[in-house]
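The values are calculated or read from the model by the stated rules, or taken from the named source; none is laboratory data. All values reported here derive from a predicted model rather than from experimental measurement. Virtual Cβ from ideal backbone geometry, glycine too; neighbours counted across all protein chains shown. What goes into the accessible areas is simple: the full protein's heavy atoms, side chains included, and nothing from ligands, DNA or RNA. Shrake-Rupley method; radii C 1.70, N 1.55, O 1.52, S 1.80 Å.
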Amino acid sequence: MAERTWKTIENGPHALDEFLHPISKKNYGQWKYHERPRPGVLKHVAWSGDVLYTVRAATHRQVTVDIVRRLCDLADKYSDGFLRWTIRNNVEFMTPNAANVDPLIQELEAAGHPVGGTGPSVSAIAHTQGWLHCDIPAIDASGVAKSIMDALFHDFAHEEMPNRVRLSTSCCEINCGGQADIAVVVQHTRPPRINHEILANVCEMPSTVARCPVAAIRPTTVNGKPSLMVVEEKCIYCGACFGACPAMEINHPEHSKLAVWVGGKNSNARSKPANMKLVAHGLPNNPPRWPEVTEVLKRILGAYKAGGRDWERLGEWIERIGWRRFFEETGLAFDKSMIDNYRHARVSLNQSAHIRF
């Protein structure tokens, strides 16, 4: 065998410390305390005496080259060329120079990037961008996020909530998203429409059958051609089949609606992680501003701001006052579709990463 003359080059993610500010790298894991001088600004103080300021501002989910260059110019001017994007599309500038904070904030806000999202405020909404590249989106999640955050602009720039509020939207029901204090999720309201003429030519039928989580899809023959059928009594309208087979279209401008879920939580702070609960559904897919969805979120956040206790997350507030009072406080209508009868919930929700001795 010929002698190996090349070297394997790892092409995975770069090491984290390559992108840290020198002050952050020097004091990594050695911070004494941090405080919030104002909304959108964090001040970290290390045991060594070093101080590092972080300024957080909102950005678009889809940024243009011009926007990136403008933000990089601000980083070169005020934060030694260091900046980073958070999971919720905020941009953060880090500087040890306190005199740079106010001028940086002024330039960010003049450019249309509000500063905030720290502490007990509404963080920038996490959302998918499947409308651009995914095969199963039923809604323009980016448009919904824009409409919602326009209405919640004040609550992003001010720390007036009982605790932080995480929001999310998703383009479909099955792929993107996660647990959030409030989530806007697509809701299909009818089974998929099957194009039997092309199904056998464009779909791998065993994969499509296997994709259904409730075994509602069965092989069949239509007009002498192999095809698929849906047992409508079992179908949960999730849309999973459409991703595997474009001939089973479930998206529809009228029948694909939106629903709002609340009370999700990933962390272990004060209480266990929690799954979200449905509180509003059948909201129309009404672009370009989706006013019905925004109105529901404003009701929920208004009631939470008025009735929540300090440090109480939205789901914890609901657990304290009870679901009946939650619907009374928000003015939302409760119906039978919101009844949670998942029989394994007692086991699945009794999970926690807390360490017990």
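If you go through the stretch 97-122 and keep only what is over 19 Å from ASP73 (Cβ atoms), among the aliphatic types (A, V, I, L, M) and in contact with an Asp or Glu (Cβ under 8 Å, 6 or more places away or on another chain), you end up with just VAL122. Tell me yes or no: at least one residue of the stretch 125-145 is touching a residue at least 12 places away in the same chain (Cβ under 8 Å), more than 28 Å from PRO192 (Cα to Cα) and touching a Pro at 6+ places or on another chain (Cβ under 9 Å). No: the stretch 125-145 contains no residue that is touching a residue at least 12 places away in the same chain (Cβ under 8 Å), more than 28 Å from PRO192 (Cα to Cα) and touching a Pro at 6+ places or on another chain (Cβ under 9 Å). Restricting to the stretch 192-214, count the residues that are open to solvent by 70 Å² or more (accessible area, probe 1.4 Å) and closer than 9 Å to CYS245 by Cα. Qualifying residue count for the region: 2. Just one of the listed residues (GLU249, GLU254) is open to solvent by 30 Å² or more (accessible area, probe 1.4 Å), modelled with pLDDT under 90 and within 25 Å of ASN286 (Cα to Cα), and it is GLU254.
Can you name the residue in the stretch 79-108 that is part of a helix (DSSP H, G or I) and free of Cβ contacts under 8 Å to residues at least 24 places away in the same chain and is also least open to solvent (accessible area, probe 1.4 Å) among such residues?
My answer is ALA99.
Residues that are open to solvent by less than 60 Å² (accessible area, probe 1.4 Å) and part of a strand (DSSP E or B) occur at least once in the stretch 264-273.
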